[in-house]
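A.B. asks: Quick one: structure below, then a few questions.
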Amino acid sequence: MTALLEARNLVKHFVAARSAFGRPTAFVRAVDGVSFTVNAGETLALVGESGCGKSTVSRLVLRLIEPDQGEVRFGGHDLLAMSASELRAFRRDAQIIFQDPYASLNPRMTVGQILTEPLVLHDLVPSGRRRERVEELLRLVGLEPRAARRYAHEFSGGQRQRIAIARALAVEPKLIICDEPVSALDVSIRSQILNLLRDLQQRLGLAYIFVSHDLAVVKHIADRVAVMNLGHIVETAAAETLFASPRHPYSRALLSAIPVPRPQAKRGRLVLQGEMPSPIDPPPGCRFHTRCPFTIDRCRTDVPQLLPSGAGHLTACHRADDLPPADAIVPTDGAFSPELERLVAAFNRTDGREPGFRG
């Protein structure tokens with residue numbers, strides 16, 4: 001299968017400090033050699049802690065910021081070699097949905113004007129049909145056509161995100177980057193937006209890059225998952241494979257932190273010790289070795305390569321083949337924190353009534 005998007009060895013360092021003469025003296029290594037592919041019609045999720053470089057990668061592949069090194073190809077064309085006119089045409093094929101819909105929607109424009117703007121810029125619809133097209137877009141994302149006359153601040157957070165999705169769909173793209181599109185929404189609204197995104201993908205054949213730190217959301221929507229740590233991708237696999245048998249210790253720690261929706265269920269955790277290293281001065285060797293409970297001497301000196309360890313499963317870990325199964329590393333009889341123990345005890349206290357909190 002030919003990849004719709006290919007990113008190879010992307011590097012982006014931001015200047016963190018300068019000398020008195022303006023010379024850069026420190027850099028934030030936000031992205032340091034990231035490679036991945038996205039096929040037409042699939043969803044690739046980028047997951048990891050805050051500050052690991054997920055959002056920077058999403059902006060690099062759209063050329064919203066320019067990479068220092070690397071290559072990005074879209075539909076076989078070199079994105080970094082495109083002229084201004086070619087890049088403008090590329091914008092029709094790739095769009096982005098930002099995390100905060102209120103900040104990304106112009107407060108001085110009505111919803112109708114917001115959705116009409118991309119139609120005019122790319123000359124997609126004759127002027128006589130633009131109003132009809134706006135109404136089609138609003139219906140497509142579950143809003144009434146009369147919403148076109150209102151401003152963004154008149155809508156709820158979920159409705160604003162639907163408007164942002166409609167704006168991304170206006171130019172009929174092939175790829176949409178979803179940069180934490182539901183993290184600012186209530187849980188009930190999240191499910192609506194996620195179901196909308198999946199429905200639109202099936203109906204329109206869209207490809208998504210879904211940036212998130214919420215693994216429960218990722219499990220619901222992703223086809224493949226790439227786990228990032230401090231500017232590197234440390235594991236890539238099909239979503240079902242990664243959630244069933246993660247191989248990298250960092251992936252296992254992330255999965256063990258997913259909340260279990262059963263207050264009385266005891267579940268162990270692979271707790272990482274210490275602080276996340278600074279991207280200004282990352283440690284040598286594996287960048288995760290300062291927090292990894294399975295570190296050996298080689299981890300402190302040699303950078304692990306992202307190597308295949310199964311059908312479509314790639315892992316960047318020197319000890320990936322030596323570690324015990326994931327369920328053995330994350331014990332099932334782990335203890336709650338003292339605060340949570342007290343909470344559970346209060347929940348289980350009946351005093352002759354049904355279980356519940358005492359009033």
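Bear in mind these aren't lab numbers, they're just calculated from the coordinates by the rules spelled out. From a predicted model like this one, the values you see are computed outputs, not experimental measurements. No Cβ is skipped: glycine too gets one built from the backbone with ideal geometry, and neighbour counts run over all protein chains shown.
A.B. asks: Name every residue in segment 45-79 that is surrounded by fewer than 23 Cβ atoms within 10 Å (Cβ to Cβ), among the hydrophobic types (A, V, I, L, M, F, W, C) and in contact (Cβ under 8 Å) with a residue 40 or more places away in the chain, in order of residue number.
C.D. replies: Leu62, Ile65, Val72, Phe74
Residue-wise test of (1) touching a residue at least 24 places away in the same chain (Cβ under 8 Å); (2) of a type outside the set (S, T, N, Q); (3) closer than 24 Å to Ile193 by Cα; (4) in contact with a Gly (Cβ under 8 Å, 6 or more places away or on another chain).
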residue: Val120; (1), (2), (3), (4): no, yes, no, no
residue: Val125; (1), (2), (3), (4): no, yes, no, no
residue: Gly128; (1), (2), (3), (4): no, yes, no, no
residue: Arg131; (1), (2), (3), (4): no, yes, no, yes
residue: Leu137; (1), (2), (3), (4): yes, yes, yes, no
residue: Gly142; (1), (2), (3), (4): yes, yes, yes, no
residue: Arg146; (1), (2), (3), (4): no, yes, yes, no
residue: Arg149; (1), (2), (3), (4): yes, yes, yes, yes
residue: Glu154; (1), (2), (3), (4): no, yes, yes, no
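A.B. asks: Now for a different question. Looking at segment 83-101, which of its residues are buried (at least 19 other Cβ atoms within 10 Å of the Cβ) and out of contact with any strand residue (DSSP E or B) (no Cβ under 6 Å at 6 or more places or on another chain)?
C.D. replies: Of everything in segment 83-101, just one residue is buried (at least 19 other Cβ atoms within 10 Å of the Cβ) and out of contact with any strand residue (DSSP E or B) (no Cβ under 6 Å at 6 or more places or on another chain), namely Pro101.
A.B. asks: Next question, about the same structure. Any chance you could count how many residues in segment 137-154 are surrounded by 15 or more Cβ atoms within 10 Å (Cβ to Cβ) and assigned to a helix (DSSP H, G or I)?
C.D. replies: Matching residues across segment 137-154 total 7.
A.B. asks: From (1) over 25 Å from the mean Cα position of the chain (by Cα); (2) buried (at least 19 other Cβ atoms within 10 Å of the Cβ); (3) among the polar types (S, T, N, Q), pick out the condition that doesn't hold for Ser127.
C.D. replies: Ser127 satisfies every listed condition except (2).
A.B. asks: Anything in segment 81-116 that is part of a helix (DSSP H, G or I), within 25 Å of Arg146 (Cβ to Cβ) and in contact (Cβ under 8 Å) with a residue 12 or more places away in the chain? List them, or say none. Full working, then the answer.
C.D. replies: The first filter runs over segment 81-116 and keeps only residues part of a helix (DSSP H, G or I), leaving 81, 84-93, 101-104, 111-116.
Next, from what is left, pick out any that are within 25 Å of Arg146 (Cβ to Cβ): 101-104, 111-116.
Once the filter is applied, which keeps residues that are part of a helix (DSSP H, G or I), within 25 Å of Arg146 (Cβ to Cβ) and in contact (Cβ under 8 Å) with a residue 12 or more places away in the chain, segment 81-116 yields Pro101, Tyr102, Ser104, Val111, Gly112, Ile114, Leu115, Thr116.
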